[in-house]
1. Can you tell which of 30, 87, 80, 74 is surrounded by 10 or more Cβ atoms within 10 Å (Cβ to Cβ) and at pLDDT below 85?
2. With the requirement that a residue be outside any helix (DSSP H, G or I) and more than 16 Å from the chain's Cα centre (by Cα), what does segment 42-66 give you?
3. Pairs, please: C-beta under 9 Å, at least 6 apart or cross-chain, first residue on the phi < 0 side of the Ramachandran plot and touching a residue at least 40 places away in the same chain (Cβ under 8 Å) and in segment 15-37, second assigned to a loop (DSSP other than H, G, I, E, B) and loosely packed, with under 13 Cβ neighbours inside 10 Å?
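The values are calculated or read from the model by the stated rules, or taken from the named source; none is laboratory data. None of these values were measured; they are calculated from a predicted model. Here the Cβ is made from the backbone with ideal geometry for all residues, glycine too, and neighbour counts use every protein chain on show.
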């Protein structure tokens, strides 16, 4: 559940750059297809259940260090590259 105090007003959000919405819409339209959910596994749930079973057996759970975050890319650059790859 989202904390209502942390939800920004739409008017306070930055506006997309010129063409950003058009480009994002183009990408979504090109990538839209029938999705067969049976092809996918819930790997997060599987790992979580595995950890729970290990804990129930009395094993010690070791949490790995957090991976370094990759630098954020500019949204428009990423959208343009994706759109170009779909042409």
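1. On the way: 30 fails: at pLDDT below 85; 87 fails: surrounded by 10 or more Cβ atoms within 10 Å (Cβ to Cβ); 74 fails: surrounded by 10 or more Cβ atoms within 10 Å (Cβ to Cβ).
After applying the criteria, what remains is 80.
2. Initial filter on segment 42-66 (outside any helix (DSSP H, G or I)): 42, 57-66.
Correct list: 57, 58, 59, 60, 61, 62, 63, 64, 65, 66.
3. Once the first residue is on the phi < 0 side of the Ramachandran plot and touching a residue at least 40 places away in the same chain (Cβ under 8 Å) and sits in segment 15-37, its partners that are assigned to a loop (DSSP other than H, G, I, E, B) and loosely packed, with under 13 Cβ neighbours inside 10 Å give 26/86; 27/86; 30/86; 30/87; 31/86.
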